[in-house]
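Have a look at the structure below before the remarks.
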Amino acid sequence: MTLDQIAASAARIAEAASAVPMRHFRQSGLGVETKDDADASPVTIADRATEEAIRAALAAEFPGHGIFGEEFGTEGSLDGPAWIIDPIDGTRFFLTGYPAFGMLIGHLQAGVPQVGVVRMPALNETYLGIKDAGATLNGALIRARATTELREARLFINEAERLFAHDPALFARLCKTGHTRRMSYDCYPHAMVASGQIDAVTDIGLEPYDFLPLVPLIEAAGAVITDWEGRALTLGSDGRVVTAATPALHAALLNVLHG
């Protein structure tokens, strides 16, 4: 299959799987549990059921491909063609009835992101990016903004509480950076860079399934996404991520991050 065909299948699988969390959204009986991780992250029956649905669809359409998901770990090898899944990116948003939770599906070749899908089930939006090709939102081409000056930038600071606890001085610098700032979480701000709504996002404490599906989307839209050292994101990256609309803006934001 070509990357275009793989991307079309991934988008179709994400859109079909959206029905699973939407059956539970703003409903009772979510069976909330707390993960044994540093953040005491919540997990619900919707997270698990959504990942099961995506895994089943991928296994049927792409037999032999490896799969790495947030809820059920790794099946098969990630050295060749593989998939990476975050079934509900923003479980806390989901739990509180806020519609900005997403679904992330990425296709990797030898660990390198090739196709990325950001599906927003409650908003009925599908962002799709293909390596060395274009980016789309519900089938229409999208492009990042051309902002190069940091003073003009619309900046989203993701995981602000965590960032403040980690580095109060850096948090203070970011709060004085750009033209407009907003505190947020999860995948949607990154997708909004791709669609030209905002200019940049800083993020911290992410896992590979949180950021690798974003890479083809961001880059296909003409923007830049790396770790805080400016390095390409990989399965081994440390979870600190910066997205910016242009290389010049990205370089300026790296300077802020490093004081």
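Some points to look at:
- Yes/no for Arg143 being more than 26 Å from Leu3 (Cα to Cα), touching a helix residue (DSSP H, G or I) at 6+ places or on another chain (Cβ under 9 Å), of a type in the set (Lys, Arg) and open to solvent by 30 Å² or more (accessible area, probe 1.4 Å): no
- Yes/no for His190 being at pLDDT 95 or above, more than 16 Å from Leu257 (Cα to Cα) and out of contact with any strand residue (DSSP E or B) (no Cβ under 6 Å at 6 or more places or on another chain): no
- Applying a threshold of 8 Å to beta carbon distances and a minimum spacing of six or more residues, or different chains, the list of pairs starting in segment 79-96 at a residue that is over 16 Å from Tyr188 (Cβ atoms) and ending at one that is among the charged types (D, E, K, R) and open to solvent by 10 Å² or more (accessible area, probe 1.4 Å) reads Ile85/Arg55; Ile85/Glu70.
- Residue selected from segment 94-115 under the condition surrounded by fewer than 20 Cβ atoms within 10 Å (Cβ to Cβ) and among the hydrophobic types (A, V, I, L, M, F, W, C), by the criterion nearest to Ala220 (Cα to Cα): Val112
- Test for Arg173: is it in contact (Cβ under 8 Å) with a residue 24 or more places away in the chain, in contact with a Phe, Trp or Tyr (Cβ under 6 Å, 6 or more places away or on another chain) and open to solvent by 40 Å² or more (accessible area, probe 1.4 Å): no
- When residues of segment 131-162 are limited to those that are of a type in the set (A, V, I, L, M, F, W, C) and part of a helix (DSSP H, G or I), the one farthest from Asp199 (Cα to Cα): Ala160
- Residues satisfying the stated conditions in segment 44-86, i.e. closer than 17 Å to Thr34 by Cβ and open to solvent by less than 10 Å² (accessible area, probe 1.4 Å): Thr44, Ala46, Asp47
- Long-range neighbours under 8 Å by Cβ, at least six apart or interchain, first residue free of Cβ contacts under 8 Å to residues at least 60 places away in the same chain and among the small types (Gly, Ala, Ser) within segment 203-231, second surrounded by 19 or more Cβ atoms within 10 Å (Cβ to Cβ) and not in a strand (DSSP E or B): Gly230/His250
- Set side by side, the residues Ser9, Ser41 differ, and just one is of a type in the set (Ser, Thr, Tyr), more than 16 Å from Asp210 (Cβ to Cβ) and out of contact with any Pro (no Cβ under 8 Å at 6 or more places or on another chain), which is Ser9.
The values are calculated or read from the model by the stated rules, or taken from the named source; none is laboratory data. All values reported here derive from a predicted model rather than from experimental measurement. Virtual Cβ from ideal backbone geometry, glycine too; neighbours counted across all protein chains shown. Please note that ligands, DNA and RNA were not included when accessible areas were found on the heavy atoms of the full protein model with its side chains. Shrake-Rupley method; radii C 1.70, N 1.55, O 1.52, S 1.80 Å.
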